[in-house]
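The values are calculated or read from the model by the stated rules, or taken from the named source; none is laboratory data. If you're wondering where the values come from, they're calculated on a predicted model, not measured in any experiment. We place every Cβ from the backbone using ideal geometry, glycine too, and count neighbours over all the protein chains shown.
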Amino acid sequence: MKIAILSRNKSLYSTRRLVEAAEARGHTVRVIDVLRCYMNIAPASPEIHYRGGKLERFDAVIPRIGASVTFYGAAVVRQFEIMGTYCVNESVAITRARDKLRSLQLLARRGIGLPVTGFAHSPDDTQDMIKLVGGAPMVIKLIEGTQGRGVVLAETDKAAGSVIDAFRDLNAYFLVQEFIEEAKGSDIRCFVVGGKVVAAMKRKAAPGEFRSNLHRGGTASTVKLSREERAAAARAARIVGLNVAGVDLVRTAKGPAVLEVNGSPGLEGIETTTGENIAGRIIEFVEQHARPNQTRTKGKG
């Protein structure tokens, strides 16, 4: 098979591992910088050009679309779809996952457990906004933040009010969420491929930090998931429409609560922690499902 990996940096761990896994199974792989692509949007013969020439045809595309290039990256994936190329994660699902509000609304509509969450831009009554999630401590996060950036833990109502007012002055959209105290600064990253959880790790925040992101100094360890946690992670990925996803959840007294569904989950942390060949599992999925003109929108919304 001829496989394209959409990535801005071929030296990134996740990109390198996907290339290695594909080549080990006898496939031809090309890493393509999505921002260097340009498109001929023609009804009869749509094309993608790259570095001065028409891009060859591929059997499958594995998108690795960073947050900063979501709009253009999704457009390129959509062009591949129009051309009949199989895309592991479809353009609609990528944009759903990147929009935190939209994905949470979709999950809530289907009954997936979530932390109590509020959404706002310029609330008239900050105190009422705080009451929506049960008061402090509470987490306040920018809607477009990634890897723990733009996320604040407000330990008092007064602090929460100050952060909300600051975000409002920045003309920013933001979420407010209840702080799950029993999680004790930890969450679980479930890696889903083809509707199944293929690996999971527990991430623990560094001392003095509440964000468990490994980029923020968090540590990771293996974890055994309950049947309920596996089902919640697989359902969350399916609802958003992702074949490959990182689903973050926390354990609460009421059961698993999903924090986020990530459409371009990193491989380094999960492979290093669990020893699982996740890149290989993704390539296996591609082998089993890559067929021309197989794009269909999964999930709803």
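Given the structure, is A231 under 16 Å from the mean Cα position of the chain (by Cα) and modelled with pLDDT of 95 or more?
In short, no.
Given the conditions (1) surrounded by fewer than 21 Cβ atoms within 10 Å (Cβ to Cβ); (2) touching a His at 6+ places or on another chain (Cβ under 9 Å), and given that A60 satisfies all but one, which numbered condition is not satisfied?
Status for A60: all satisfied but (1).
Hey, can you tell me all the residues within the range 105-124 that are in a helix (DSSP H, G or I) and free of Cβ contacts under 8 Å to residues at least 24 places away in the same chain?
A108
So E271 clears everything in (1) over 22 Å from R96 (Cα atoms); (2) assigned to a loop (DSSP other than H, G, I, E, B) except one condition, right? Which one?
Just one mismatch for E271, condition (2).
Given the residues V133, V92, which is the only one that is β-branched (V, I, T), under 30 Å from D169 (Cβ atoms), outside the structural domain of V261 (by TED's automatic domain parsing) and surrounded by fewer than 22 Cβ atoms within 10 Å (Cβ to Cβ)?
Criteria check complete, one pass: V133.
Can you tell me which residue is farthest from R291 (Cα to Cα) among those in the range 12-47 that are surrounded by fewer than 17 Cβ atoms within 10 Å (Cβ to Cβ) and polar (S, T, N, Q)?
Here the answer is N40.
Of the conditions (1) loosely packed, with under 14 Cβ neighbours inside 10 Å; (2) free of Cβ contacts under 8 Å to residues at least 24 places away in the same chain, Y50 clears all except one; give me its number.
Going through the list (1) loosely packed, with under 14 Cβ neighbours inside 10 Å; (2) free of Cβ contacts under 8 Å to residues at least 24 places away in the same chain, Y50 breaks only (1).
Could you tell me which numbered condition R109 fails, if it satisfies all but one of (1) under 30 Å from L35 (Cα atoms); (2) at pLDDT 90 or above?
(1)
Looking at R64, R102, R96, can you tell me which residue is in contact with a Ser or Thr (Cβ under 6 Å, 6 or more places away or on another chain), under 21 Å from A232 (Cβ atoms) and in contact (Cβ under 8 Å) with a residue 24 or more places away in the chain?
R96
Hey, among the residues in the range 67-80 that are within 19 Å of A237 (Cβ to Cβ) and at pLDDT below 95, which one's surrounded by the most Cβ atoms within 10 Å (Cβ to Cβ)?
T70
Looking at (1) under 14 Å from the mean Cα position of the chain (by Cα); (2) within 21 Å of P46 (Cα to Cα); (3) not in a helix (DSSP H, G or I), which one does G84 not meet, given that it meets all the others?
Checking G84 against (1) under 14 Å from the mean Cα position of the chain (by Cα); (2) within 21 Å of P46 (Cα to Cα); (3) not in a helix (DSSP H, G or I), the one that fails is (1).
Residue by residue, here is whether (1) touching a Leu at 6+ places or on another chain (Cβ under 6 Å); (2) surrounded by 17 or more Cβ atoms within 10 Å (Cβ to Cβ); (3) of a type in the set (G, A, S) holds:
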site	(1), (2), (3)
K141	yes, yes, no
I180	no, yes, no
G195	no, no, yes
K202	no, yes, no
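Looking at R17, R30, R57 in this structure, which one is basic (K, R), in a helix (DSSP H, G or I) and not assigned by TED's automatic domain parsing to the domain that holds V192?
Just one listed residue meets the conditions, R17.
With the requirement that a residue be buried (at least 18 other Cβ atoms within 10 Å of the Cβ) and assigned to a loop (DSSP other than H, G, I, E, B), what does the range 1-11 give you?
Result: S7, R8.
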